[in-house]
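What follows is a set of notes on a single structure, which appears directly below.
The values are calculated or read from the model by the stated rules, or taken from the named source; none is laboratory data. Since this is a predicted model, take the numbers as computed values, not measurements. Cβ coordinates were reconstructed from backbone atoms using ideal geometry, including for glycine residues, and neighbour counts include every protein chain displayed. Keep in mind that these areas ignore ligands, DNA and RNA; they rest on the heavy atoms of the full protein, side chains included. Shrake-Rupley method; radii C 1.70, N 1.55, O 1.52, S 1.80 Å.
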Amino acid sequence: MNFIFLMDPLESVMMEHDTSFIFMLESHRRGYKVFFLPEGGITLLNGQPIFLVTEVIPQQVKDKPFLLKGQKRLEEKDVDAIFIRTDPPFDHRYLMQTWLLDRVSPRIPIINRPSGMRTVNEKIWATQFASIVPPTMVSCSRAELLKFIQEHDEIVAKPTDGFGGQSVFRIHRGDLNTNVILESLTHLYTRDIILQKFIPQAEKGDKRILLLNGEPLGAISRVHAPGDHRNNIFAGGKAVATEITSRDREIISILKPKLLEFGLYFVGIDIIGDYLIEVNVTSPTCVQEMNHLYRVQLEKQVINFVEKLIKDSRRI
Ligand SMILES: Nc1ncnc2c1ncn2[C@@H]1O[C@H](COP(=O)(O)OP(=O)(O)O)[C@@H](O)[C@H]1O
Ligand SMILES: [Mg+2]
């Protein structure tokens, strides 16, 4: 079978941490052909997609995670599954890839379904589930934002499309930097941002739970580096073992039907304390961190699931 991975340039892959890499490796181990699809590699001809890809052999060799086997032009009939693994931001270019991939026959599973990725903004979509999300405002109105800040002792302010903890500010009521932070995050009140009640349990870490077809695949906590409040690995945070609590299961059960409806098969949710903070649908990570902590190979379950999707889609 032929598996396509739409992702950022191969040079950016960190072999020991990258979730896409471990999926590619497992696909290769099973005898499937693995193709790297760069941004810009999809052509639509009369509504039919053509993929300009590079065949690769993933290998656990330091500084050389891929052997390149040359470029190929694949038609839809040559493709068995597509993984969308491009990192955020979910910008216009990202959106364009999802529009082009909408044209792929439903016979071919796409992990995750492009229309679902458009529906679920990683931070805004979750706000509909008010019982499991902290008090949150999305706005670019100065008056509304200041009102929200007045109502809470401590909040975080963050962009709607950030990642890796970039531009996440923690603000106490009365902080003299409040106006400056709002002006710069909103680009002078022209872009929506997120204000959210600060959840004190964040001191102990964020929990990342990976969901496969709406069911928990694994979980870890990420704990901030000394001198930082953000728990992102990108911001120096450390991965530690954790458990899935009954509250986590409650959150998952609320999300599951929607995730299945939208074809969001592989998703990472972030939980702080009792609250859902983010639903990551673009390129969830942490599989390798979970593998190391728990001595498992979660990629096997993911590829098993993709094989099942392929089988089911052919039966239709
Ligand atoms: N409501 C909140 N309460 C406490 N800490 C938060 C809150 N929201 C975000 N943070 C902190 O900021 C970090 C990054 O925020 P997050 O919303 O996950 O954005 P990103 O997409 O950049 O990861 C989190 O890991 C957490 O440490
Ligand atoms: Mg996060």
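Things to note:
- Breaking point among (1) part of a loop (DSSP other than H, G, I, E, B); (2) within 13 Å of ligand 1 (Cβ to nearest atom); (3) closer than 30 Å to Val287 by Cβ, for Ile194: (1)
- Top-ranked residue in segment 151-165 [being more than 6 Å from ligand 1 (Cβ to nearest atom) and surrounded by 14 or more Cβ atoms within 10 Å (Cβ to Cβ); ranked as nearest to Pro284 (Cα to Cα)]: Asp161
- Any hit, segment 206-218, residues being over 25 Å from Asp274 (Cα atoms) and surrounded by 20 or more Cβ atoms within 10 Å (Cβ to Cβ): no
- Ala157 satisfies every condition listed in (1) touching a residue at least 60 places away in the same chain (Cβ under 8 Å); (2) at negative phi except (1).
- Only one of the numbered conditions (1) in a loop (DSSP other than H, G, I, E, B); (2) under 12 Å from Leu145 (Cβ atoms); (3) within 16 Å of ligand 1 (Cβ to nearest atom) is violated by Tyr189, and that is (3).
- Restricting the search to helices (runs of 4 or more DSSP H) fully inside segment 51-159 and requiring at least 3 residues that are over 26 Å from Pro257 (Cβ atoms) gives 92-101, 142-150.
- The strands (runs of 3 or more DSSP E) found entirely in segment 228-304 that carry 3 or more residues being within 17 Å of the chain's Cα centre (by Cα) are 266-272, 275-280.
Yes/no matrix, rows are residues, columns are (1) open to solvent by 10 Å² or more (accessible area, probe 1.4 Å); (2) more than 25 Å from Glu26 (Cα to Cα):
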| site | (1), (2) |
| --- | --- |
| Glu243 | yes, yes |
| Ser253 | yes, yes |
| Leu259 | no, no |
| Tyr275 | yes, yes |
| Lys300 | yes, no |
